[in-house]
């Protein structure tokens, strides 16, 4: 009744006003009847009443106060009751805190990474210029579609009708000299239109414009905020000064802190130098993004760009100085290049979506388990108090009031749990941002924000209502019966157990689902670890990347000589078994190079475009250093390189594909295209997994790190950005890293060294996403197991306590302890068994959700589905055993006497 | 006047039949020969309180002068309450009287 008054305050207030007005009328009339004139009659009536507004306020306040008073009173009673039972209270609050905290933390991650828009103004208008090319064999296995070429950029920007601005960019490295020691930095080369599309104003200076990218324009550069702070000590007069990157570049601006392009971070931003007149069709290596015009949909933009593709094909030659090439056009038509734009946020977030939702799903299940656990606990308590409640009702307490008290109790528990849970979530998130996997996109943006807190409150409220409903509904209606049942010594009726048993079965089922999910992920992880990546013992391979700029060595042969010297110096370090280098190492994120090759013996019809193979430039000793065996033939040697012999190695799968066996590949000749020189195959190496462990090893061609260029006999090629691979048992130690540096600098002191890490580190990074999912699922599974065990234990223990008298009678009548124990074990077994059966059914339905994350194991893997229930059953039996034993130890005489 | 006493007087007035706010105040004043002066303003919170406790019930009716007014009547619970309160009141009066006029009281 209190609640009703609180909610009807306005109505009461209006009615009171009418009542007071009526009073005034009547009083006025009486006064007139006594002879006063109307005006003084009215004044007298008002005076007699007093201040009408004050009266209304007082009544209003009375209602508010009583409602608040009631809540406070209930809360005080509830907290006292909870404090009297500390084990129950602490257990319930902790369970809730862990479940709510975990859910809040994961929701914050989901919110920050998936739901929040990117930190650009109106970022939903910014799209990634993604395009697919289903007809270009070999490129689609990368899963990233076809990158743009510079000529595409020119055509698209000039002729599109649906974009406000668009541009292309690529990530590279550069060496900054002249400011302290030479520093290798990450550089994003951008065309005009990229920064305009993102709409992020610089924190100082100006943005790059079309003028900066015209050929012959003065060299300019924009600094990132971090680089400005660390290298220029946040000097405000940096605009206009010059930094040395091969050539002097004038600093024209500084970007705001935290600025990234599509979640890629760089130290410097350079304009791409593009001569719009002198582009060719090919060179697909650029990322594109653009801002759509208002009210333009993605489909419209796709159609617009699709219209431009044929225009592009006819507008540009295949090689510099030529004219439109009908053969090339035919090839590109076969590629069926299709624009498939997607919002930039999706491109950034990528695959992580499915992972995060899966994790969110599992944690919700844990939350359900936790709630049912606490509800069970509450039911148990309510049962213990039913006598007390029955008496109170008989003495006149309203049913609604009892329900209100139970509600407040549940709410108190829920809110305490939520408060503690929020603290846990906050701590967990701080941990994640400092120590989390780098491959989690937008890691730095994760925080506990208002939306997450609202989510927590909603969870807590739902939990509180859930708790209150269960006992309240059970007991508020059957209270007349409880007193009739007699004294508390009576045996509990079977119906009372139904709710608890149902909850327990549900808990077990949910726990089993989670455990099966974890089991599948564990097996995935193990399978991934067992995959032969093609190299051996990566924890013993140290890698480091160098940059040999034209300043250090103008001549390409000089570059190769420097590299040779470095290899020798490194090999001389004690503990080093072998050394090599390549332009990229397996599983590294550096952009790979793909192209096609043609075989000498084969004749190709005009316009044939060969499938794409991975091209890697390697030094002699590279394969040995990473532990890849040679299946046939021999490795390069330095004489091959310095004599510029046209020799190559290929991967085993390529050899089998083209010639049937590795041995038959030896001596064959291949080249890239017609005027290019022929290279002889002198060796075949074992397959190496390149972009990730999940994907099969691509067919690869290994070119010498120095020698004639694969595309032209008159050009020389050298690797200016080599990654050295050093096999040693001392990999990863600081001592080794120092010796490496000393060795490199003894050859040339101006060479910057970067990315010093072991091959194991690189491999771990590529597995980071899977590891992360696995860890989260494993934690959820473990929590589910613990909660489920506690739940089973609680139910059986309570059952034992309730049936003490019955057990006493049985034993007095001759039952043996073993049969008593068996009785309770059977009860536990039945309940767990039912839960396991439902859990199996549920898991069979749900594991399909995981299939995109699994590797090497089926969603309905029989081993996992058989082993996990067994484990759960054993755990359940153990949980039952203790109370069952206690039941068997009951002294019949004691229980009968205590009645 | 004590809050509890006003409640009792209102209940007593209503025992004689339903009435609206003005009439109740008027009855108390007249019934006490104008000795008790009620601030009509404090009557309404009291009525609200009694209503909340379920001792009186309300309904809208027509007054003598043909105006709509909110009437109150005594409920059975209120009747019980009135009996309890008046008996308690009589006890208090007698007790105080015994102290103030010991001889006169003892001889009663």
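Bear in mind that the values in this text are calculations on the coordinates, not laboratory data. No experiment lies behind these values; they were computed from the predicted model shown. Don't worry about glycine lacking a Cβ; one is built from the backbone with ideal geometry, like all the others, and counts go over all protein chains shown.
Would segment A:660-747 count as rounded, prolate or oblate if I go by the C-alpha gyration tensor, calling it rounded below 1.5 in a/c and otherwise prolate when a/b exceeds b/c, oblate otherwise? Oblate, because a/c is 1.5 or more while a/b does not exceed b/c. Multiplying the residue separation of residue A:764 and residue A:712 by 0.36 nm and subtracting their alpha-carbon distance yields 14.9 nm. Looking at segment A:713-865, the pairs of alpha carbons with a distance over 23 Å make up 68% of the total. For the peptides A:810-822, A:118-130, A:368-380, B:73-85, the ranking by packing is A:368-380, A:118-130, B:73-85, A:810-822, with the highest mean count of neighbouring Cβ atoms within 10 Å listed first.
Taking 7 Å steps out from each Cα toward its Cβ at residue A:431 and residue A:300 produces label points 5.0 nm apart. Ranked by the mean number of other Cβ atoms within 10 Å of their residues, highest first, the peptides A:406-413, A:261-268 come out as A:406-413, A:261-268. Shielding of peptide B:56-65 by partners, expressed as the average count of other chain Cβ atoms within 10 Å per residue Cβ, is 2.
Using equal-weight Cα scatterers in the Debye expression, the normalised intensity of segment A:169-297 in log10 at q = 0.19 Å⁻¹ is -1.13.
Distance distribution note for segment A:728-781: the fraction of Cα pairs above 13 angstrom is 70%.
Peptide A:18-30 shows a mean partner chain C-beta count of 6 within 10 Å per residue C-beta. How many angstrom lie between the Cα centre of segment A:627-656 and the Cα centre of segment B:51-107? Result: 112 Å between the Cα centres. Averaged over the residues of peptide B:41-52, the number of Cβ atoms from other protein chains lying within 10 Å of each residue's Cβ is 5. At an R0 of 45 angstrom, the distance between the Cβ atoms of residue A:400 and residue A:813 translates into a FRET efficiency of 0.50.
Each peptide in A:159-167, A:76-84 receives the mean, over its residues, of other Cβ atoms within 10 Å, and ordering these scores from highest gives A:159-167, A:76-84.
Ellipsoid semi-axes for segment A:1-118, based on the Cα gyration tensor and the rule √(5λ), read 57, 22, 9 Å when sorted largest first.
Temperature 10 °C, viscosity 1.306 mPa s: under these conditions the Stokes-Einstein estimate for segment A:581-709, based on its Kirkwood radius over C-alpha pairs, is 107 µm² per second. Extension gain, residue A:385-residue A:454: 0.36 nm per intervening residue step, less the Cα-Cα distance, totals 21.4 nm. Report summary: the helix-based calculation at 222 nm, which adds -39500 (n - 2.57) for every DSSP H run with n ≥ 4 and divides by the residues of chain B, gives -20000 deg cm²/dmol. With one equal scatterer per alpha carbon and no solvent term, the Debye-computed log10 I(q)/I(0) for segment A:673-721 at 0.13, 0.22 1/Å reads -0.44, -0.93.
Legend: calculated FRET efficiency, residue A:858 to residue A:60, from the Cβ-Cβ distance at R0 = 41 Å, rounded to 0.05, equals 0.05. With a simple spin-label model that places each label point 7 Å from the Cα along the Cα-to-Cβ direction, the separation between residue A:203 and residue A:241 comes to 1.6 nm.
Each residue, residue A:32 and residue A:76, gets one label point 7 Å from its Cα in the Cβ direction; the gap between the two is 5.2 nm. Taking 60 Å as R0, compute the FRET efficiency from the Cβ-Cβ separation of residue A:392 and residue A:360 and round it to 0.05. Efficiency at R0 = 60 Å is approximately 0.90.
Histogrammed with a bin width of 20 Å, the alpha carbon distances of the protein assembly as shown distribute as 10, 27, 25, 19, 13, 6, 1, 0 percent, first bin at zero. The share of alpha-carbon pairs in chain B lying farther apart than 16 Å comes to 62%. The overall shape of segment A:32-81, judged from the alpha-carbon gyration tensor, is prolate: a/c is not under 1.5, and a/b is greater than b/c.
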